[in-house]
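Visitor: Have a look at this one.
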Amino acid sequence: MPVINVTVNGTRYEENVSERLLLVDFLRDQLALTGTHVGCTYEGVCGACTIHLDGEAVKSCLMLAVQADGHTLTTIEGLGGDKLSPLQQAFTDNHSLHCGFCTPGILMNMSEFLRDNPDPSDDEIRRGLVGNLCRCTGYVHIVRAVREAARVMREQG
């Protein structure tokens, strides 16, 4: 079995993995980081498994763990550190969580989105959410939370 070296949420890991092990399963089963969800049975359409690979949002159900060798990963558990990020706080304040299953993937996707687009319109936010499915909402509260987080992040500089 190959050995991979990855840094996940600031912690370095050296792990044996099967060549066929998906990155999402590595995170959930070997590292016990269960905030990264599998919602579409490994088809890449729901976005619940979104993480950051070297700062870029990726769907971890579409990658093998061996492909992450040498890279830095951030999961939902590492997004805010010791306190909630402005985006996480905005989701809480705007009642954007509902059942919460899709929330980790949306937060990971939108955190990259806001880094690249600090003052988005509602239409831009909705386009940015295209890769994330939420079955509980019409996305109204989610869009509101992303807009509020963008404002707070701009004010914080």
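Visitor: Please identify which residues in region 30-56 have an amide N closer than 17 Å to a label point set 7 Å out from the Cα of N5, following the Cα→Cβ vector.
Guide: Within reach of a label on N5: 54.
Visitor: Could I ask something else about it? Please go through region 1-66 and write out the trypsin sites (Lys or Arg not before Pro) that DSSP classes as loop and that have at most 15 other C-beta atoms within 10 Å.
Guide: R20
Visitor: Taking 1 over the mean of 1/r across every pair of different Cα atoms in the chain, what Kirkwood radius in Å do you get?
Guide: By the Kirkwood definition, the hydrodynamic radius is 15.8 Å.
Visitor: Can I ask one more? Antiparallel as a % of all DSSP beta bridges within region 3-79, to the nearest 5?
Guide: 85 percent
Visitor: Around L133, under 14 Å between beta carbons, what's the net of Lys plus Arg minus Asp minus Glu among the other residues?
Guide: Neighbourhood net charge equals +2.
Visitor: Can you compute the charge dipole magnitude of the chain about its Cα centre, using +1 on each Lys and Arg Cβ and -1 on each Asp and Glu Cβ, nothing else charged? Give it in debye, rounded to the nearest 20.
Guide: Dipole of the chain, to the nearest 20 debye: 400 debye.
Visitor: Sum up the charges of everything whose Cβ sits under 13 Å from the Cβ of V38, counting Lys and Arg as +1 and Asp and Glu as -1, but leave V38 out.
Guide: -1
Visitor: A further question follows. What's the longest uninterrupted piece of the chain once you rule out the GluC sites (Glu not before Pro) that are loop residues per DSSP with at most 12 other Cβ within 10 Å?
Guide: Looking at the chain, 44-157 is the longest stretch - no exposed GluC sites (Glu not before Pro) with at most 12 other Cβ atoms within 10 Å.
Visitor: Test of understanding: what is the full-extension gain from D116 to R20, defined as 0.36 nm times their sequence separation minus their Cα-Cα distance?
Guide: Extra length from D116 to R20 when fully extended: 31.3 nm.
Since every read-out is calculated from the coordinates, none of them should be taken as a lab result. Keep in mind it's a predicted model, so treat the numbers as computed, not measured. Cβ coordinates were reconstructed from backbone atoms using ideal geometry, including for glycine residues, and neighbour counts include every protein chain displayed.
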